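The values are calculated or read from the model by the stated rules, or taken from the named source; none is laboratory data. Keep in mind that this is a model prediction, so the values were computed, not measured. Here Cβ is always computed from backbone atoms with ideal geometry, including for glycine, and neighbour counts include all displayed protein chains.
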Amino acid sequence: MKKKNIYILIEMIRRELHGNLLLALVSLKKNFNIYISDTATFKYLLEKNLIAPGILHTKSITHGDAKSKFHQQLIDKNFKITAIDEEHGLLDNYDYKEYFISNRLSKKELSKITAFFCWGNYDYQKLRKYFNEQKFKFYLTGSPRSDIWKSKTNFKDHNNPTKTLNKPYILICTNFSFSNNINSYQSIINSKKKEGYYSRTPKLLKRDRDFYPYQKKLIKKFVKLINNLSRQFPNLNFYVRPHPVENIKFWHNKLIKRKNLFINNTGNASSWIKNCKLMIQSGCTTGCEGIMSNKIVINYTPIKYEGNGEFLKKISLNIEKDEKIIKLIKNFENIQFNKNKYQKILNNRIQFKKKKLAVENILSVWVKISKKLIKKKNNNVLIYLNLFVYENIKSLYLVTKLILTGKYKRIKIKLNYKFPEIKENILKYDIEQLSKNFNLNNNTKIKKLGKRLFHIH
């Protein structure tokens, strides 16, 4: 039987996979065919006319000629486009327009999509006001990621399962996207220049240039704190989780090797957050997830700097001194942490209602806009064969090129850190966990059609 198609594009697996898997599973209720893919794979199939029209759901509608051309191609081929900004950033009023709206959205790209899903009421009101002529395109749905955050779903980290930490542990999430990026600082700046970030927001260049030395100082403070804590509390485990874009080797080199100190950034952070005793971070959105998971969250601020995670400061224990953190851990049972107060502040930024999930809100919009879509079945066999040839030729080309450049290992990391190849059995396990915890149909079938393309039906 022919069904209408929905294509969900993922950029960062560790950030976006589980929320989008839940979105896919819920969408099966309305008899959709769901495909999950990275952008490069989907673009290849689109250009080869191997993909039937449907709804294309993307993680942002940022500026740029390449993205604009891609969106126009979709429109020309009778696709509908929906979006949510996975990097929306929990920013304050003073910089929301300057650093989020001006860089992440535009009237031009907004005109090409059918619906934009907002994380919470704050985004919804601000964006509708700023883009008044197209305000009807904004929907207050919430994010699929917040559905995961609030749930009791535990996912296995297949590279480093939680069972290895059999003692209570403190989770330390780092976010040094400038000072410890797998790419060089200058390459980040050059990339932003090329993509037009600094022309759209002139103040951003100065901010990024100031941010880099701040992070260089802050990361040294984190190293000192972590080494000190692992020494002070030998009966506690400390789990350091660097941001996906960070160079993990830095932490292995700088942190003292102790039996109670673990470093890993694979898998989804949710289960590690849900099972921790306490969270320590500095301006990282994992702090929001911690609050939604009913955890005590410390915002470590040893260096004063306006503009780094200002919103996180409102919903966390802001601590400057290492000694105070040590004292707090020693007296953990007596910590004064008003979770209800922080949750109320957070609720304005992250829409969440137990009775109706964000994924259900999004699905209701998809059902509405899909009425005029045609039902057309994809030839999965043809897709599989084309991708087999395409991916193997691409791999051979890259391996040859990388070996010749002498930078094989570093470039290989760059290629795989966002969307590494996932085994089918791992996705099946994750789907089983989601189906169980959200009371969904567990007869879901999944077929791997390429290294980064899955069919869920």
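Read through the list (1) touching a Gly at 6+ places or on another chain (Cβ under 6 Å); (2) surrounded by fewer than 18 Cβ atoms within 10 Å (Cβ to Cβ); (3) at pLDDT 90 or above, then give the number of the only condition that residue 235 fails.
Of everything listed in (1) touching a Gly at 6+ places or on another chain (Cβ under 6 Å); (2) surrounded by fewer than 18 Cβ atoms within 10 Å (Cβ to Cβ); (3) at pLDDT 90 or above, residue 235 misses just condition (1).
Which one is farthest from the chain's Cα centre (by Cα) among residues in region 253-272 that are of a type in the set (Gly, Ala, Ser) and either at pLDDT 95 or above or not in a loop (DSSP other than H, G, I, E, B) (or both)?
Within region 253-272, the match that is farthest from the chain's Cα centre (by Cα) is 271.
With of a type in the set (A, V, I, L, M, F, W, C), closer than 21 Å to residue 192 by Cβ and over 20 Å from the mean Cα position of the chain (by Cα) as the only criterion, which of 100, 70, 131 stands out?
After applying the criteria, what remains is 70.
Of the residues 230, 187, 199, 191, which is assigned to a helix (DSSP H, G or I), among the small types (Gly, Ala, Ser) and touching a residue at least 12 places away in the same chain (Cβ under 8 Å)?
Answer to the check: 230.
Restricting to region 125-182, count the residues that are over 22 Å from residue 436 (Cα atoms) and either among the aliphatic types (A, V, I, L, M) or at pLDDT below 85 (or both).
The qualifying residues number 13.
I'd like the residue in region 355-396 that is among the charged types (D, E, K, R) and free of Cβ contacts under 8 Å to residues at least 24 places away in the same chain and, out of all such residues, is surrounded by the fewest Cβ atoms within 10 Å (Cβ to Cβ).
355
Give me the pairs, please: first residue somewhere in region 330-348 and over 12 Å from residue 297 (Cβ atoms), second residue anywhere and at pLDDT 85 or above and not charged (D, E, K, R), beta-carbon distance under 8 Å, and either six or more positions apart or on two chains.
Note: pairs meeting the criteria are 332/278; 345/315; 347/120; 348/120; 348/121; 348/122.
Residue check: is residue 38 farther than 25 Å from residue 135 by Cβ and among the acidic types (Asp, Glu)?
yes
Residue 315 - would you say it is touching a Leu at 6+ places or on another chain (Cβ under 6 Å) and assigned by TED's automatic domain parsing to the domain that holds residue 210?
yes
Within region 437-457, work out how many residues are at pLDDT below 90 and within 14 Å of residue 45 (Cα to Cα).
Residues meeting the conditions: 0.
Tell me which residues, restricted to region 123-155, are buried (at least 22 other Cβ atoms within 10 Å of the Cβ), in a helix (DSSP H, G or I) and not charged (D, E, K, R).
Within region 123-155, 127, 144, 146, 148, 149 qualify.
Check 247, 275 and return the single one that is surrounded by fewer than 21 Cβ atoms within 10 Å (Cβ to Cβ), of a type outside the set (Asp, Glu) and under 18 Å from the mean Cα position of the chain (by Cα).
Going through 247, 275 in turn, just one is surrounded by fewer than 21 Cβ atoms within 10 Å (Cβ to Cβ), of a type outside the set (Asp, Glu) and under 18 Å from the mean Cα position of the chain (by Cα): 247.
From 67, 59, 29, which residue is at pLDDT below 95 and either more than 17 Å from residue 113 (Cα to Cα) or surrounded by 24 or more Cβ atoms within 10 Å (Cβ to Cβ) (or both)?
Being at pLDDT below 95 and either more than 17 Å from residue 113 (Cα to Cα) or surrounded by 24 or more Cβ atoms within 10 Å (Cβ to Cβ) (or both) holds for just one of 67, 59, 29, which is 29.
Just to confirm my filter: which strands (runs of 3 or more DSSP E) fall fully inside region 1-76 and include at least 2 residues that are out of contact with any helix residue (DSSP H, G or I) (no Cβ under 7 Å at 6 or more places or on another chain) and farther than 30 Å from residue 286 by Cα?
By residue number, 4-9, 32-37.
Scan region 313-333 and give yes if some residue there is over 25 Å from residue 234 (Cα atoms) and in contact with a Phe, Trp or Tyr (Cβ under 6 Å, 6 or more places away or on another chain), otherwise no.
yes
Residues of region 293-333 being at pLDDT below 90, assigned to a helix (DSSP H, G or I) and surrounded by fewer than 20 Cβ atoms within 10 Å (Cβ to Cβ), which ones?
Listed by number, the residues that qualify are 310, 313, 314, 332, 333.
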